[in-house]
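Asks: The structure follows.
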Amino acid sequence: MKLLKIISVLLLAMCIGCSSGDDGGPQVGGPTETPDPDSETPPVDNSDPFLYSATQNLKDVADFPLGNIVSASKLASTSASNTTFKDILNQEYNSITAENDMKMANMFTGPDTYDFSDGDAIVAYALENGFRVHGHALIWHSSIPNWLNTFEGTDEEFEAQIEAYVKATVAHFAEVTDGDGVPVVASWDVVNEYFDGSAVRTSLFTQRIGTDFHEKAFQWAREADPDVKLFYNDYNIAGEVDKRNAIISMVSNFISDDIPIDGIGMQMHLNHDWPSTDLPTSIQDIADTGLLVHISELDVKANYSDDLSELTVERAQAQEEQYQRVGYYYTSIVPQAQQFGLTIWGVRDQDSWLYDGGSDWPLLYDNDFNTKITHRGLVDGLEGVAP
Ligand code: G3I
């Protein structure tokens, strides 16, 4: 296998060396919009068992938005790799989420002081290139600005700061609309990870506002914008049954108490072999709430127990199948009117929060932007090929 990898790297290097701008180079940047049968463009090296030549863009095989994550600095960059990144983004996706730039720690810079500039740049890019923006995330225990952690005001003053922040942020990002008058920012993760297992997580927000801070947050967001879609977002909704049940019971309390909520974000940070049967069960359970369902942060670890020093074909195929399962179950289980979309948490492996110096390979593109077989798995699933 090592030999195969070496040969494929050599072949790829030769292709790069002999290509020129106009007549194409190696197939980087995912599938082309209209594959040209007469093109001299060398195909992806099919002898590499980890790669495949994609012919379809993800957004074209799904009836719902397909998303990925961005940062303002990447979108502004003209480096070769960020240019390729943007080519892939524009070709394959029609929805974007800020990986970090629209979190509280980045935007809430001081008491009554906000810096929306990174988010504004992302929204401007989305407007220019026809993307929907999913806002992430208004309140999350892991994204608190330092000044707020040490805020010396009373609890009432603390709550007033959070209320003002939520309202100002939602109102600000409601301002930009496309040519049809549709707001570019369609939705927000209002509260992220309220639960720790099936219990309410202790956080600065529960301590200073109370365990009902999440209900208040959804009401504040709705007051600031009557139309934007409001999501609750969490991890392990697939895989942790007790946590899922706690979330479902929270949703039914919201509905009976008239707390506004439109959707649930299932983060979907998965492993190649986990969850198994609970994956379709969880998607069904969440769809049964009647709310919108967003697969909001999809990635699949291939090496979660660190038993591999390099990816094996067998593990890559298991990972491909897990991607296929997500695409297939989401497409076939969630009623179309509730399919808010599917967002992948990164483009290249090396850009993933899970990369860890190269010890895992969780995404759909390798570090040279070639499409991996995981991409094929997701395409198959989205097209309805049963795993
Ligand atoms: O801002 C500094 C930057 O100035 C510095 O140069 C850099 C070098 O280390 O660190 C930068 O901040 C890091 C930031 O990512 C940008 O790279 C933070 O330390 C790091 O904690 C942060 O990690 C992000 C993490 O959320 C925490 O906010 C990850 O990129 C992001 O992928 C991850 O995403 C979360 C979702 O929001 C919620 N669900 C779980 C998911 C994975 O943890």
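Asks: So, in segment 277-324, how many residues would count as being within 30 Å of A186 (Cα to Cα), within 16 Å of the ligand (Cβ to nearest atom) and not aliphatic (A, V, I, L, M)?
Replies: 5
Asks: Right, here's the next one. Applying the selection to segment 29-43, what residues are out of contact with any helix residue (DSSP H, G or I) (no Cβ under 6 Å at 6 or more places or on another chain) and either closer than 30 Å to A98 by Cα or modelled with pLDDT of 95 or more (or both)?
Replies: Hits for segment 29-43 are P31, T32, E33, T34.
Asks: Can you tell me which residue among L204, L230 is within 16 Å of the ligand (Cβ to nearest atom), on the phi < 0 side of the Ramachandran plot and in contact with a helix residue (DSSP H, G or I) (Cβ under 8 Å, 6 or more places away or on another chain)?
Replies: None of the others qualify; the one that does is L204.
This table checks each residue for (1) surrounded by 14 or more Cβ atoms within 10 Å (Cβ to Cβ); (2) within 20 Å of D196 (Cβ to Cβ).
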site	(1), (2)
Q207	no, yes
F213	yes, yes
R222	yes, no
N233	yes, yes
G239	yes, yes
K243	yes, yes
A246	yes, yes
F254	yes, yes
D257	no, no
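Asks: Taking segment 100-110 as the search range and keeping residues that are touching a Ser or Thr at 6+ places or on another chain (Cβ under 7 Å) and part of a loop (DSSP other than H, G, I, E, B), which one is surrounded by the fewest Cβ atoms within 10 Å (Cβ to Cβ)?
Replies: Restricting to residues being touching a Ser or Thr at 6+ places or on another chain (Cβ under 7 Å) and part of a loop (DSSP other than H, G, I, E, B), the top hit is N100.
Asks: Right, another one. Just wondering, is there one or more residues in segment 160-182 that are in contact with a strand residue (DSSP E or B) (Cβ under 8 Å, 6 or more places away or on another chain), closer than 17 Å to S71 by Cβ, within 15 Å of the ligand (Cβ to nearest atom) and in contact (Cβ under 8 Å) with a residue 40 or more places away in the chain?
Replies: Checking segment 160-182: not a single residue is in contact with a strand residue (DSSP E or B) (Cβ under 8 Å, 6 or more places away or on another chain), closer than 17 Å to S71 by Cβ, within 15 Å of the ligand (Cβ to nearest atom) and in contact (Cβ under 8 Å) with a residue 40 or more places away in the chain.
Asks: With the structure loaded, tell me whether N57 is free of Cβ contacts under 8 Å to residues at least 60 places away in the same chain and in contact with a Gly (Cβ under 7 Å, 6 or more places away or on another chain) or whether it fails that test.
Replies: The answer is yes for N57.
Asks: Still on this structure: Only one of these conditions is not met by T277: (1) touching a helix residue (DSSP H, G or I) at 6+ places or on another chain (Cβ under 9 Å); (2) closer than 30 Å to R315 by Cα; (3) not aliphatic (A, V, I, L, M). Which number is it?
Replies: (1)
Asks: Only one of G341, G381 is farther than 18 Å from E314 by Cα, part of a helix (DSSP H, G or I) and more than 13 Å from the ligand (Cβ to nearest atom); which?
Replies: It is G381.
Asks: Another question about this same structure. Go through I96, I88 for me and flag whichever is β-branched (V, I, T) and within 16 Å of the ligand (Cβ to nearest atom).
Replies: Just one listed residue meets the conditions, I96.
Asks: Sticking with this structure for a sec: Residue by residue through segment 197-247, note down the ones that are part of a strand (DSSP E or B) and touching a Ser or Thr at 6+ places or on another chain (Cβ under 8 Å).
Replies: Of everything in segment 197-247, those that are part of a strand (DSSP E or B) and touching a Ser or Thr at 6+ places or on another chain (Cβ under 8 Å) turn out to be V200, K229, L230, F231, N233.
Asks: Would you pick out the residues in segment 248-276 that are of a type in the set (A, V, I, L, M, F, W, C), within 16 Å of the ligand (Cβ to nearest atom) and either more than 21 Å from the chain's Cα centre (by Cα) or part of a loop (DSSP other than H, G, I, E, B) (or both)?
Replies: Correct list: M268 only.
Asks: Kindly list, by first and then second residue, each pair from a residue in segment 240-253 that is of a type in the set (D, E) to a residue that is at pLDDT 95 or above and exposed (fewer than 12 other Cβ atoms within 10 Å of the Cβ), limited to pairs with Cβ atoms under 8 Å and residues at least 6 apart or on different chains.
Replies: E240/G197; D242/G197
Asks: Kindly provide the set of residues from segment 111-157 that are surrounded by fewer than 16 Cβ atoms within 10 Å (Cβ to Cβ), away from the ligand (no atom under 14 Å from the Cβ) and in a helix (DSSP H, G or I), ordered by number.
Replies: Result: S117, A124, L127, E128, N129, W147, N149, D155, E156, E157.
Asks: Which of the residues that make up segment 55-74 are assigned to a helix (DSSP H, G or I), surrounded by fewer than 21 Cβ atoms within 10 Å (Cβ to Cβ) and within 16 Å of the ligand (Cβ to nearest atom)?
Replies: S73, K74
Asks: A follow-up question, please. Check T97 against each of (1) buried (at least 22 other Cβ atoms within 10 Å of the Cβ); (2) assigned to a helix (DSSP H, G or I) and name the one condition it does not meet.
Replies: Single failed check for T97: (2).
Asks: Inspect segment 89-104 for any residue being of a type in the set (D, E, K, R), closer than 23 Å to M250 by Cβ and in contact with a strand residue (DSSP E or B) (Cβ under 9 Å, 6 or more places away or on another chain) and give the result as yes or no.
Replies: Yes, segment 89-104 contains a residue that is of a type in the set (D, E, K, R), closer than 23 Å to M250 by Cβ and in contact with a strand residue (DSSP E or B) (Cβ under 9 Å, 6 or more places away or on another chain).
Asks: Does W353 satisfy the criteria of being within 16 Å of the ligand (Cβ to nearest atom), farther than 19 Å from V61 by Cβ and buried (at least 18 other Cβ atoms within 10 Å of the Cβ)?
Replies: no
The values are calculated or read from the model by the stated rules, or taken from the named source; none is laboratory data. What you see is a predicted model; the values in this text were computed from it and never measured. Glycine gets a Cβ as well: all are built from the backbone with ideal geometry, and neighbour counts include every protein chain shown.
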